[in-house]
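This report concerns only the one structure given below.
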Amino acid sequence: MLRSLSIPVLALVLAAIPAIAQTTDPNPAPAASKRQDSASSTDTKKGKKVLTNEDLSKSSGKISVVGNAKDNTADKPKALSPKPVSPRYVASVRSQIENLLKQIVDLDKQITDLRNFKAGEPTTNASGVEMDRRYEREPVEVRIRALERKKMGLQSKLDALYDQARKKGVASGELP
């Protein structure tokens, strides 16, 4: 007899569990309404007016500004008066730039010759022996990478020289 009663009771308990899980919790609804109430109350409490540039020009009273007027003028960068650059400096920079450009062109020719040699095309140094140097035993790729690194170093020197001349006030039309 207990067995016959335990099965319906167990069925009722199992049926009641999903029903309990589906009921809504009353706590989240008041929390959401409290948030809305607190947001509306802070809006009414703040009541500070934001002034724009138009409002400032219309106002006749004194307006407090953070900082001192002396500090504000010191923060602004002063315009540099253009000083004439000496022609000797311009000629020196121009000769340095031309020298670097010639070296870069020579490196480009060497890199092109090595790439042509690697591809099997005829070059001026196709035998692998340079007339003014010893026989090279390095692989062609290694020599190409070394020349490209050297070219990048010369290019960075050239960029630094241009930047330095620009800071000194040399016009870009005066340099090659």
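In table form, for the structure just shown:
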| item | result |
| --- | --- |
| Answer residue from segment 158-176, given it is assigned to a helix (DSSP H, G or I) and surrounded by 13 or more Cβ atoms within 10 Å (Cβ to Cβ) and is modelled with the lowest pLDDT among those | E174 |
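Residues are listed down the side, and each one gets a yes or a no for (1) under 30 Å from K49 (Cα atoms); (2) in contact with a Gly (Cβ under 8 Å, 6 or more places away or on another chain); (3) at pLDDT 90 or above:
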| residue | (1), (2), (3) |
| --- | --- |
| V65 | yes, no, no |
| K76 | yes, no, no |
| R94 | no, no, yes |
| F117 | no, yes, no |
| I144 | no, no, yes |
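The values are calculated or read from the model by the stated rules, or taken from the named source; none is laboratory data. Please read these numbers as outputs of a predicted model, since none were measured by experiment. Note that each Cβ is placed from the backbone with ideal geometry, even for glycine, and that neighbours are counted across all protein chains shown.
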